[in-house]
Amino acid sequence: MDRIHHTSLIFLAAMQAIPAELIEAAVKDGASRLRTFFSITIPLLRPTITFVVITSTVGGLQIFDEPRLFDVTGQGGSDQQWMTVTMYLYELG
């Protein structure tokens with residue numbers, strides 16, 4: 001399973017952990033779906049969003065060897081179309 005599926009499962013689990021009572025109370029108070037999303041769902045997902053951003057960044061920085069194998073020069077393609085952030089930092093260094 002690739003990274004997108006893992007991220008989707010993490011967000012699905014986090015959204016299912018949001019108490020339904022909070023959403024129901026907001027609806028009874030007259031909040032729209034959009035207001036409920038921005039006032040309840042997003043704040044409760046903030047720790048999950050932080051976790052996903054950090055782990056995805058670390059995972060993205062670990063991709064170094066694979067794009068270098070795509071061409072003979074190891075530069076990430078003829079137009080550097082496969083160059084990652086890590087490869088760019090390596091080239092600058």
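The values are calculated or read from the model by the stated rules, or taken from the named source; none is laboratory data. This one's a predicted model, so the numbers in the text were calculated from it and none came from an experiment. As a convention, Cβ positions derive from the backbone with ideal geometry for all residues, glycine included, and neighbour counts pool all protein chains shown.
Listing for the model above:
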quantity: Gly77 being at positive phi, more than 14 Å from the chain's Cα centre (by Cα) and surrounded by 12 or more Cβ atoms within 10 Å (Cβ to Cβ); calculated: yes
quantity: Identity of the residue in segment 70-89, under 17 Å from Gly59 (Cβ atoms) and aromatic (Phe, Trp, Tyr), that ends up modelled with the lowest pLDDT; calculated: Trp82
quantity: Neighbours by Cβ (under 9 Å, 6+ apart or cross-chain): first from segment 46-70, farther than 26 Å from Gln80 by Cα and in the same structural domain as Met87 (by TED's automatic domain parsing); second surrounded by 13 or more Cβ atoms within 10 Å (Cβ to Cβ) and modelled with pLDDT of 95 or more; calculated: none
